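Asker: Shown below is the structure under consideration.
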Amino acid sequence: MSYYITTRIKGDFNQVIERVTEELKNQGFGVLTTIDMKATLKKKLDVDFYNYQILGACNPPNAYKALQAEDKIGLMLPCNVIVQEKEEGQIDVSAVDPVVSMMGVKNEGLEPVAVEVRDKLKKVIEALA
């Protein structure tokens with residue numbers, strides 16, 4: 001069982017980030033955080049790395065439902081979406097599968113929320129293809 005949903009598309013890295021952000025918005029997500037791994041690794045370790053950004057996506061109504069079912073679930077929020085470019089113009093976009101990531105929590109109240117969020121993230125990934 002894979003812990004992520006993914007697609008590969010061709011394009012400009014920064015334009016793909018914009019498309020991903022827009023598709024997330026279309027599914028009710030906002031991007032709360034953006035982590036530029038390439039810049040961070042260069043700054044902290046002085047190493048060169050390929051384009052790799054982590055977008056912390058949050059769907060507020062579903063986050064609220066999850067927090068009502070499990071008060072510590074914030075440890076697993078927001079839902080991460082990664083955009084990476086190992087080869088120029090070949091962009092992989094992957095989103096966490098919340099159903100898989102929440103299996104270890106053992107709270108049946110989270111399952112319907114996780115399924116709903118997974119369905120929305122799948123729509124984001126499918127819209128990019």
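The numbers here are math on the coordinates, done by the rules we state, and not lab data. Quick caveat, the model's predicted, so the values are computed rather than measured. Reconstructed Cβ throughout: ideal geometry from the backbone, glycine too, with neighbour counts over all protein chains shown.
Asker: Taking Leu41, is it in contact with a Gly (Cβ under 8 Å, 6 or more places away or on another chain) and part of a helix (DSSP H, G or I)? I'd like the intermediate steps shown before the answer.
Answerer: Numbers: in contact with a Gly (Cβ under 8 Å, 6 or more places away or on another chain): no; part of a helix (DSSP H, G or I): yes.
Here the answer is no, as Leu41 does not meet what is asked.
Asker: Turning to a different aspect of this structure: Residue pairs, Cβ under 8 Å, 6 or more apart or interchain, first in region 52-74 and under 14 Å from Pro98 (Cα atoms) and free of Cβ contacts under 8 Å to residues at least 24 places away in the same chain, second among the hydrophobic types (A, V, I, L, M, F, W, C) and not in a helix (DSSP H, G or I). List them.
Answerer: As it stands, the answer is Ala63/Leu77, since those pairs meet every condition given.
Table: residues versus (1) outside any strand (DSSP E or B); (2) at positive phi; (3) over 13 Å from the mean Cα position of the chain (by Cα).
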{"site": "Ala63", "(1), (2), (3)": "yes, no, yes"}
{"site": "Ala66", "(1), (2), (3)": "yes, no, yes"}
{"site": "Gly74", "(1), (2), (3)": "yes, no, yes"}
{"site": "Ala95", "(1), (2), (3)": "no, no, no"}
{"site": "Lys123", "(1), (2), (3)": "yes, no, no"}
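Asker: Evaluate region 33-55: report whether one residue or more is among the β-branched types (Val, Ile, Thr), exposed (fewer than 15 other Cβ atoms within 10 Å of the Cβ) and over 15 Å from Ile82 (Cβ atoms). Spell out how you get there, then give the answer.
Answerer: Step one: list which residues in region 33-55 are among the β-branched types (Val, Ile, Thr), which gives 33-35, 40, 47, 54.
In the following step, the residues that additionally are exposed (fewer than 15 other Cβ atoms within 10 Å of the Cβ) were identified as 33-35, 40, 47.
Narrowing the set further to residues that are over 15 Å from Ile82 (Cβ atoms) leaves 47.
Within region 33-55, one or more residues are among the β-branched types (Val, Ile, Thr), exposed (fewer than 15 other Cβ atoms within 10 Å of the Cβ) and over 15 Å from Ile82 (Cβ atoms).
Asker: Tell me, yes or no, whether region 17-30 has at least one residue that is among the polar types (S, T, N, Q), surrounded by 12 or more Cβ atoms within 10 Å (Cβ to Cβ), within 25 Å of Leu128 (Cβ to Cβ) and in contact with a Lys or Arg (Cβ under 7 Å, 6 or more places away or on another chain).
Answerer: yes
Asker: Next up: Considering only residues that are polar (S, T, N, Q) and surrounded by fewer than 18 Cβ atoms within 10 Å (Cβ to Cβ), look in region 89-127 and name the one that is nearest to Lys72 (Cα to Cα). Break it down stepwise before answering.
Answerer: We begin by selecting, within region 89-127, every residue polar (S, T, N, Q); these are 90, 94, 101, 107.
Pick out the ones that are also surrounded by fewer than 18 Cβ atoms within 10 Å (Cβ to Cβ) and you get 90, 101, 107.
Details: Gln90: 37, Ser101: 14, Asn107: 11 Å.
Of everything passing the filter in region 89-127, Asn107 is nearest to Lys72 (Cα to Cα).
Asker: I'd like to verify a number: residues in region 1-19 that are in a loop (DSSP other than H, G, I, E, B) and of a type outside the set (D, E, K, R), how many? Write out each step before concluding.
Answerer: Kept after step one, since they are in a loop (DSSP other than H, G, I, E, B), are these residues of region 1-19: 1-3, 11-12.
Remaining after also requiring of a type outside the set (D, E, K, R): 1-3, 11.
Number of matching residues: 4.
Asker: For the subset of region 20-38 comprising residues that are in a helix (DSSP H, G or I) and not acidic (Asp, Glu), which member is farthest from the chain's Cα centre (by Cα)? Let's see the steps before the verdict.
Answerer: Kept after step one, since they are in a helix (DSSP H, G or I), are these residues of region 20-38: 20-26, 37-38.
Still in the running and not acidic (Asp, Glu): 20-21, 24-26, 37-38.
Values: Val20: 10, Thr21: 10, Leu24: 9, Lys25: 12, Asn26: 14, Met37: 14, Lys38: 17 Å.
The residue in question is Lys38.
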